[in-house]
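One structure below.
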Amino acid sequence: MRWLRRRLLDSATRALTRPRRHYHHRLPSHLGTLRATLHKGDVLLVDGDQRVSEVIKYLTQSSWSHSAMYVGDELWRRHPEQRVELESRFGVDARHLIVEALMEDGVVASPLAKYETHNLRVCRPHGLRAEDCRQVLDEILAQLGSRYAVGNALALARYFFPVSLIPRRWRPWALELGDDVTREVICSTLIARAFRGVGFPILPAVTPATLESAPRRWREWIRPGPYPHVFHREPCALITPRDFDLSPYFDVVKLTGLADREIDYRRIRWA
């Protein structure tokens with residue numbers, strides 16, 4: 001049964017990762033601009049060109065189907081003995097790498113040039129401290145070689161399924177069914193775990209903290225007036241690429257290169 005299950009998953013993976021027939025590249029991303037813009041710890045959102053990309057975008061109601069983290073030259077600096085291998089595998093991009101979780105290969109390091117012809121968005125964690133950024137990179141690099149969590153991806157899909165279509169007596173079971181806790185990851189879960197390790201929020205629920213809701217041991221030093229907010233941790237397994245785009249704690253960095261010079265829109269020659 002294990003062999004049969006693996007064969008079925010492999011067949012499904014091959015079918016889902018086939019390239020789409022038509023891909024609309026709206027804005028070319030110049031590789032030089034990418035290399036000059038990205039900082040270590042930036043999250044790169046990708047409009048993928050595989051069949052599974054359309055499924056993910058439909059489930060999450062988003063333009064982005066994949067996420068990766070830019071690690072730059074971290075592998076180059078940390079493992080001098082592997083520099084020759086890195087140059088032979090990635091060429092010029094040996095010092096411009098991203099780490100991503102792929103359905104067919106698991107967690108791997110990839111060259112930045114891989115997504116030069118894709119629609120991209122850069123999300124930069126706002127105010128992330130240097131020491132915390134190093135810890136995030138440590139966590140991401142430690143996951144290299146992990147497998148892709150196909151079962152976890154299927155569990156994620158049920159949370160986007162219209163609950164109105166599920167019979168009422170089955171809803172508690174369908175929504176409360178737990179996720180498996182393994183080292184297997186999906187692309188956005190990999191990044192979410194790394195940011196959670198340093199306490200950096202992505203898209204948590206925020207509620208005001210009141211004196212009545214505070215624990216009794218806190219009330220003696222809480223004074224009347226505005227109170228801080230309480231952040232509720234989001235399950236890492238439910239983080240999607242869209243959440244980094246929507247998060248108020250990540251800055252969206254444009255890749256057009258227009259921010260460095262003034263544009264007179266009145267002189268544009270329209271076709």
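The values are calculated or read from the model by the stated rules, or taken from the named source; none is laboratory data. All figures in this text were calculated on a predicted structure; none of them were measured in a lab. Virtual Cβ from ideal backbone geometry, glycine too; neighbours counted across all protein chains shown. Remember, those area values only see protein heavy atoms, side chains included, never the ligands or the DNA or RNA. Shrake-Rupley method; radii C 1.70, N 1.55, O 1.52, S 1.80 Å.
What figure in square angstrom, to the nearest 10, would you give for the accessible area of K114 with a 1.4 Å probe?
Here the accessible area works out near 80 Å².
Using the Cα gyration tensor of segment 85-155, with a ≥ b ≥ c the square roots of its eigenvalues, what is the shape: rounded (a/c below 1.5), prolate (a/b larger than b/c) or oblate (neither)?
Working: a/c = 1.35, a/b = 1.03, b/c = 1.31.
Rounded shape, in that the Cα axes give a/c under 1.5.
I'd like the accessible area for L137: 1.4 Å probe, protein heavy atoms, all chains in place, Å² to the nearest 10.
0 Å²
Excluding A205 itself, calculate the net charge of residues whose Cβ lies under 11 Å from the Cβ of A205, where each Lys or Arg counts +1 and each Asp or Glu counts -1. Please list the in-between numbers first.
Values: positive: R233; negative: E234.
Neighbour charge sum, excluding A205 itself: 0.
In sequence order, what are the phi-derived ³J(HN,Hα) couplings for segment 92-102 according to the Karplus relation 6.51 cos²θ - 1.76 cosθ + 1.60 with θ = phi - 60°, rounded to whole Hz, with x for glycine and proline?
4, 7, 4, 9, 9, 10, 10, 10, 9, 9, 10
For segment 72-120, what is the charge dipole size about the Cα centre, in debye to the nearest 20, if Lys and Arg each add +1 at the Cβ and Asp and Glu each add -1 at the Cβ? The partial results should precede the final answer.
Working: 6 positive and 10 negative charges, 34 e Å.
It comes to approximately 160 debye.
Quick one: if the Förster radius is 22 Å, what FRET efficiency do R78 and A36 give, using the C-beta to C-beta distance and rounding to 0.05? Don't jump to the answer; show the numbers that get you there.
Working: r = 23 Å, r/R0 = 1.04.
Step by step, r from the Cβ atoms, then E = 0.45.
Residues with amide H under 5 Å of M103's amide H, sequence separation 5 or more or different chain, H placed in the peptide plane at 1.01 Å from N; which?
none
Applying 1/(1 + (r/R0)^6) with R0 = 45 Å to the Cβ-Cβ distance of R89 and Y249, what FRET efficiency is obtained, to the nearest 0.05?
On the way: r = 34 Å, r/R0 = 0.75.
Computed FRET efficiency for R89 and Y249 comes out at 0.85.
Going by a ≥ b ≥ c, the root eigenvalues of the Cα gyration tensor, does segment 1-123 fall in the rounded group (a/c under 1.5), the prolate group (a/b larger than b/c) or the oblate group? Please list the in-between numbers first.
Details: a/c = 2.22, a/b = 1.27, b/c = 1.75.
Oblate shape, in that a/c is at least 1.5 and b/c is the bigger or equal ratio.
Excluding I239 itself, what net charge comes from residues whose Cβ is under 10 Å from its Cβ, given Lys and Arg +1 and Asp and Glu -1? Numbers along the way, then the final one.
Details: positive: R193, R196, R242; negative: E234, D243.
Around I239, the surrounding residues sum to +1.
If you stretched the chain out fully between A130 and R2, how much longer would it get, using 0.36 nm times the residue separation minus the C-alpha to C-alpha distance?
The A130-R2 span can extend by a further 41.6 nm.
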